[in-house]
Amino acid sequence: MNTHLQKLAAVALFTIAVAGAAMAQDAPPAATAKAVVPVKVQIVISRYQGDKKISSLPYTLSVNANEVAGRNVTTLRMGAQVPIVSYQMPAAVSKEQQVPTIQYRDVGTSIDCSATSTDDGRFRLYISIDDSSVLTEEPGAAQSLAMGRPTFRSFRNSETLSLKDAQSTQLTAATDKLNGEVVKVDVTLTVVK
């Protein structure tokens, strides 16, 4: 009887092995991870008053396209904290007895960027920009600053675009409704060789 069980076990193992080999041949090939491709992404934030360019700030980021998930976003944080002074005004306190409080607000530029190569040789870029500053040349801004109440301006944009090596495009153009200033963002991608 032991011989009979041994033969049955051998047949069962042989059947499992043949079925496994057949399934392995029918299975689709495993997805191949794309190679990491280093690219430079230049982002230029320009401001215009009418046709006159009043500022142009370039930022260049090194991005690894196809980097593994969780590490594929390049970030840039650049700026300062601006103190904002305010006074608490209890009804029974004179102006001389008011206690100043100081809070800080971040101003500057924050950029997040990631890239993935596509099958047609292009790169799919995700770019997020948050740019803020203190207005100093607007009517009334100097007075607001003197009173401890600065005026802030901000610009935020998030987009996904597709570029090939050495290609440039205008990501966005937007007009500030308070002062008519036009903000333009231009992007250039270059593969690092």
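Which of the residues that make up the range 155-176 are β-branched (Val, Ile, Thr) and surrounded by 13 or more Cβ atoms within 10 Å (Cβ to Cβ)? Write out each step before concluding.
First pass over the range 155-176, keeping only residues β-branched (Val, Ile, Thr): 160, 169, 172, 175.
Of everything in the range 155-176, those that are β-branched (Val, Ile, Thr) and surrounded by 13 or more Cβ atoms within 10 Å (Cβ to Cβ) turn out to be 169, 172.
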**Item:** Count of the range 156-167 residues which are in a strand (DSSP E or B) and either of a type in the set (Asp, Glu) or under 18 Å from the mean Cα position of the chain (by Cα) (or both)
**Value:** 8
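Could you list, in sequence order, all residues of the range 118-155 that are assigned to a strand (DSSP E or B) and either modelled with pLDDT under 95 or among the aromatic types (Phe, Trp, Tyr) (or both)? Break it down stepwise before answering.
To start, the set of residues in the range 118-155 that are assigned to a strand (DSSP E or B) comprises 123-135, 151-155.
Matches in the range 118-155: 123, 126, 132, 133, 134, 135, 151, 152, 153, 154, 155.
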**Fill in**
Here the residues within the range 43-80 that are among the polar types (S, T, N, Q) and either more than 21 Å from the chain's Cα centre (by Cα) or not in a strand (DSSP E or B) (or both) are 49, 55, 66, 72
**Item:** The lone exception for residue 183 - which of (1) over 16 Å from residue 41 (Cβ atoms); (2) exposed (fewer than 13 other Cβ atoms within 10 Å of the Cβ); (3) at pLDDT 90 or above it fails
**Value:** (2)
**Asked** What pairs come up if the first residue lies in the range 87-115 and is modelled with pLDDT under 70, the second is β-branched (Val, Ile, Thr), and their beta carbons are under 6 Å apart, counting only those six or more places apart or on different chains?
**Response** 88/99
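The values are calculated or read from the model by the stated rules, or taken from the named source; none is laboratory data. What you see is a predicted model, and the numbers here were worked out from it, not measured in a lab. Neighbour counts are summed over all protein chains in view; Cβ atoms, including those assigned to glycine, are modelled from backbone coordinates with ideal geometry.
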